[in-house]
1. Are there any pairs with C-beta distances below 8 angstrom linking a residue in the stretch 92-112 that is touching a residue at least 40 places away in the same chain (Cβ under 8 Å) to a residue that is outside any helix (DSSP H, G or I) and open to solvent by 80 Å² or more (accessible area, probe 1.4 Å), with the two at least 6 apart or on different chains, and if so which?
2. Mind checking which residues of the stretch 1-23 are assigned to a helix (DSSP H, G or I), open to solvent by 40 Å² or more (accessible area, probe 1.4 Å) and closer than 13 Å to residue 64 by Cα?
3. Identify all residues within the stretch 319-338 that are over 12 Å from residue 374 (Cα atoms) and not hydrophobic (A, V, I, L, M, F, W, C); write none if there are none.
4. List pairs: first in the stretch 294-311 and part of a helix (DSSP H, G or I), second open to solvent by 30 Å² or more (accessible area, probe 1.4 Å) and basic (Lys, Arg), Cβ under 9 Å, 6+ apart or cross-chain?
5. From the list 177, 155, 188, exactly one residue is touching a residue at least 24 places away in the same chain (Cβ under 8 Å), over 30 Å from residue 134 (Cβ atoms) and surrounded by 19 or more Cβ atoms within 10 Å (Cβ to Cβ). Which is it?
6. Would you check which residues across the stretch 109-129 are of a type outside the set (S, T, N, Q), open to solvent by less than 70 Å² (accessible area, probe 1.4 Å), under 20 Å from residue 74 (Cβ atoms) and not in a helix (DSSP H, G or I) and list them?
7. Mind checking which residues of the stretch 200-228 are open to solvent by less than 60 Å² (accessible area, probe 1.4 Å) and over 22 Å from the mean Cα position of the chain (by Cα)?
8. Can you tell me which of 79, 100 is at pLDDT 95 or above, assigned to a helix (DSSP H, G or I) and open to solvent by 40 Å² or more (accessible area, probe 1.4 Å)?
Amino acid sequence: MRAEIISVGDELLRGYTVNTNTAYLAKNLADLGYDVNFQTVVGDCEKDIFDAIRIAVTRSHVIVFTGGLGPTEDDMTKEVVAKALGLKLVYDQPTAEKLEKQLAQRGIEPTGAPMKQAYVIDGCMVLRNDNGTAPGILLQKGNQVIVLLPGPPRELEPMFQNGVKPFLMSFSDVCCESATIRVVGLGEPTVEQSLGELLYGVNPHAALYVNTGEVLVRVFARGTDQEEARRLCREHVEKIKAVLGSYVYGEGDRDLAETVVELLKEKKLHLATAESCTGGLVAAKVTAVAGSSAVFDYGVACYADWVKKHALSVGSSVVKKYTTVSSPCAGEMAKGALSAGKADIAVGITGIAGPGSGDYGDGHFPVGLVFIGVADKKKVVVKKFTFGDL
């Protein structure tokens with residue numbers, strides 16, 4: 001079934017507000033089995049909203065509006081949608097009573113513009129808003145559903161999950177299952193070539209998405225019931241994992257940093273980092289994960305050579321012979337962090353991040369040349385990478 005999303009708001013058109021609602025809704029609709037074929041953004045203009053709904057009803061089974069349900073004059077989504085559909089607005093008493101209590105708590109007189117939000121489209125299902133004042137609206141006309149949601153994500157997301165999603169699950173004529181396979185160490189072209197016919201099928205369907213430093217393989221399957229959809233999805237996931245092997249580091253929403261922290265916790269290990277060209281980015285990724293303090297104690301950003309020497313005990317002879325942009329230096333940095341941080345595993349990173357020509361000291365290095373060393377209490381492993389202009 002075809003779905004589309006129409007976002008309303010001048011702030012979206014002008015770039016003052018990032019439209020995160022569209023990404024959230026598109027993902028959730030896709031997970032429910034709906035094909036999101038159109039996404040539209042219109043300003044707070046009656047004609048533009050009117051034209052958007054009149055076009056949408058000719059091509060989509062599910063139409064989701066966001067924004068324009070508030071109390072101000074430029075909040076006109078439900079009024080225009082009702083007009084375009086030839087329906088009228090009616091006063092919803094339960095909504096009005098809830099509004100009166102909310103406004104009284106804020107010391108606002110429950111009259112005039114604020115109470116405009118108590119009007120809903122005749123014949124609709126009113127969607128309760130537990131995080132704001134404007135209710136949502138769900139309207140079914142034959143094989144078509146039109147949903148109006150408030151703009152703030154903290155209001156929209158729970159309203160969709162609690163009110164819209166259960167309805168759309170029963171409205172769809174198929175059951176769906178999806179999975180995300182997370183791949184690191186291979187580029188998108190290599191993953192595509194490796195998977196071949198496992199990608200871009202009809203059912204199951206698999207497609208590639210690129211994140212910074214990783215590739216996601218999104219698998220989607222439809223079935224006559226949930227069990228069939230789950231089986232088809234799982235079988236396809238296992239085929240893909242068999243091809244990609246150890247390059248698959250996980251499934252689902254847990255990213256690489258979260259996976260690393262969880263593995264460290266499981267093995268009761270502590271990590272330390274020493275970063276030159278990345279300036280603490282690895283440590284920042286790790287410490288952004290909740291609970292990382294259980295496994296991360298020490299991180300140093302060591303741009304200057306003297307910091308590498310004094311904080312990490314990188315020998316002057318290593319720097320003199322190989323420079324700090326070298327495999328030996330990365331190894332020494334990892335060993336130094338391991339010792340200074342009293343860790344079980346340590347990472348040392350040095351290289352040329354750019355921008356610029358890559359000149360460093362008396363040498364010239366390609367921008368993007370990076371050496372990454374990993375040390376534990378038994379050995380040190382260093383690998384060379386050329387990432388391009390970082």
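1. 92/119
2. So the first thing to find is which residues in the stretch 1-23 are assigned to a helix (DSSP H, G or I), and the list is 10-13, 20-23.
Right, trim to open to solvent by 40 Å² or more (accessible area, probe 1.4 Å) and you get 10-11, 13, 20, 23.
Hit for the stretch 1-23 is 23, nothing else.
3. 320, 321, 322, 323, 324, 326 - these are the residues of the stretch 319-338 that are over 12 Å from residue 374 (Cα atoms) and not hydrophobic (A, V, I, L, M, F, W, C).
4. If the second residue must be open to solvent by 30 Å² or more (accessible area, probe 1.4 Å) and basic (Lys, Arg), the pairs left are 294/265.
5. Values: 155 fails: over 30 Å from residue 134 (Cβ atoms); 188 fails: surrounded by 19 or more Cβ atoms within 10 Å (Cβ to Cβ).
The match here is 177.
6. Once the filter is applied, which keeps residues that are of a type outside the set (S, T, N, Q), open to solvent by less than 70 Å² (accessible area, probe 1.4 Å), under 20 Å from residue 74 (Cβ atoms) and not in a helix (DSSP H, G or I), the stretch 109-129 yields 112, 120, 121.
7. Here is the first cut: in the stretch 200-228, the ones open to solvent by less than 60 Å² (accessible area, probe 1.4 Å) are 201, 204, 206-208, 214-221, 223, 228.
Selection gives 201, 204, 223, 228.
8. On the way: 100 fails: at pLDDT 95 or above.
Just a single option satisfies the conditions, and that option is 79.
The values are calculated or read from the model by the stated rules, or taken from the named source; none is laboratory data. Remember, predicted model here, so these are calculated numbers, not experimental data. Neighbour counts run over all protein chains shown; Cβ positions are idealised from the backbone, glycine included. For accessibility, only protein heavy atoms count, side chains too; no ligands or nucleic acids. Shrake-Rupley method; radii C 1.70, N 1.55, O 1.52, S 1.80 Å.
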